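What follows is one structure encoded as structure tokens, with my remarks underneath.
The values are calculated or read from the model by the stated rules, or taken from the named source; none is laboratory data. All values reported here derive from a predicted model rather than from experimental measurement. Positions of Cβ are backbone-derived with ideal geometry, glycine not excepted, and every protein chain shown enters the neighbour counts.
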Amino acid sequence: MGKKRTRPADADPAVDKLDADADSSSDDDMEIINVDFELFNYDATIDFHGVKSLLRQLFDADASLLDLSGLADAVVDQNTIGSTCKVDDKANDAYAFLTVLNASAAPTDGPVAKLASYLAERARSSDDRALAEAAPALLSGSGEGGPVVGLVLAERLLNMPAEVIPPMWGCLMDEVEAAVEDGEAYGFTHYVVVSRGYYEVASALDGPKVKRAREAPGPGVLRYFHPEDEEVRKHAAAAGTYAFVKEDEVNADSKRAFQEMGLKSVGFMMVIEAAAFKGAVDAMRAFVGSVV
């Protein structure tokens, strides 16, 4: 990709000392732990396995349908676009990652093109009509003069603090702008953001009497693994959920995690026009700042 692009010194490359503390009636039982989260450019010699693991989490039940190794290679090879978020040292595994891949310029037999085909097929199955029409048209389009689509992939460990997320997106915007100025192929007209959500469902682990008292909900309320998605979708031209191809192979109780209900995971996708992307990131910053 040519010379590695480094972040300018006045950029915000790290989130300084996020205090992870909890209220307690006894100060003797609790202590404040300061953790330094830092953002790093990708390093192919370090980040492949960590990114691949997070990609497996992002694509959930359908991870086995995709070339995760090829996708991880595509992510880490773009060492000036996107970030990993780590603690203590660059050599550690990523706690979070964010990147954008050019779906319109990807080789037709490569992992990015196969991911685009998968997403187009899944979008067609969405109950959201706008997404079912817009995403396949963008992801299947090609040719000079047509839309240039960036696939935004982001995932993090579930206990990551939300404060680290806006700086990662801010860096991504700056890096894409710098890449365009350098004549690189990042002049996107649209972004397709890939994420996940879930619905609460009745647990199969409860006894019959408990299950009758706690009936399975109807379609339910969509909840987001990435809470900022709820704000970002307000700036999307289309957004909606889709079922995983292999959802029947995953037990909802395996994701129950200290709550009464099981979790049914779904894919979540947003189409954002390039002109609206900065507004979406600004709204994300404001949203995260209001809830932390």
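Quick one: in segment 87-127, which of the residues that are of a type in the set (D, E, K, R), at pLDDT below 95 and in contact with a Gly (Cβ under 9 Å, 6 or more places away or on another chain) is farthest from V148 (Cα to Cα)?
Applying the first criterion (of a type in the set (D, E, K, R)) to segment 87-127 yields 88-90, 93, 109, 114, 121-122, 124, 127.
Keeping just the survivors that are at pLDDT below 95 gives 88-90, 93, 109, 127.
Those still in the list that are in contact with a Gly (Cβ under 9 Å, 6 or more places away or on another chain) too: 93, 127.
Details: D93: 31, D127: 25 Å.
My answer is D93.
One residue stands out in segment 86-100 among those that are within 12 Å of Y42 (Cβ to Cβ) and not basic (K, R): the one that is farthest from the chain's Cα centre (by Cα), namely A94.
Residues in segment 158-171 that are out of contact with any helix residue (DSSP H, G or I) (no Cβ under 8 Å at 6 or more places or on another chain) and touching a residue at least 40 places away in the same chain (Cβ under 8 Å): L158, M160, P161, V164, P167, M168, C171. Return the residues of segment 130-164 that are out of contact with any Phe, Trp or Tyr (no Cβ under 6 Å at 6 or more places or on another chain), under 24 Å from A283 (Cβ atoms) and assigned to a helix (DSSP H, G or I); say none if nothing qualifies. Residues satisfying the conditions are A130, L131, A134, A135, L138, A162, E163.
What strands (runs of 3 or more DSSP E), lying completely within segment 184-292, carry at least 1 residues that are in contact with a Pro (Cβ under 8 Å, 6 or more places away or on another chain) and either at pLDDT 95 or above or buried (at least 20 other Cβ atoms within 10 Å of the Cβ) (or both)?
Values: elements: 190-201, 238-242, 262-273.
The qualifying strands (runs of 3 or more DSSP E) are 190-201.
Every test in (1) touching a His at 6+ places or on another chain (Cβ under 9 Å); (2) at positive phi is passed by R156 save one, and that test is (2). Looking only at segment 17-43, residues that are part of a loop (DSSP other than H, G, I, E, B) and modelled with pLDDT under 95 come to 9 in all.
Name the one entry in K86, K52 that is touching a residue at least 12 places away in the same chain (Cβ under 8 Å), basic (K, R), over 18 Å from I165 (Cα atoms) and not in a loop (DSSP other than H, G, I, E, B).
Numbers: K86 fails: over 18 Å from I165 (Cα atoms).
Among K86, K52, only K52 is touching a residue at least 12 places away in the same chain (Cβ under 8 Å), basic (K, R), over 18 Å from I165 (Cα atoms) and not in a loop (DSSP other than H, G, I, E, B).
The single condition from (1) in a helix (DSSP H, G or I); (2) under 21 Å from L157 (Cα atoms); (3) hydrophobic (A, V, I, L, M, F, W, C) that L98 fails is (1).
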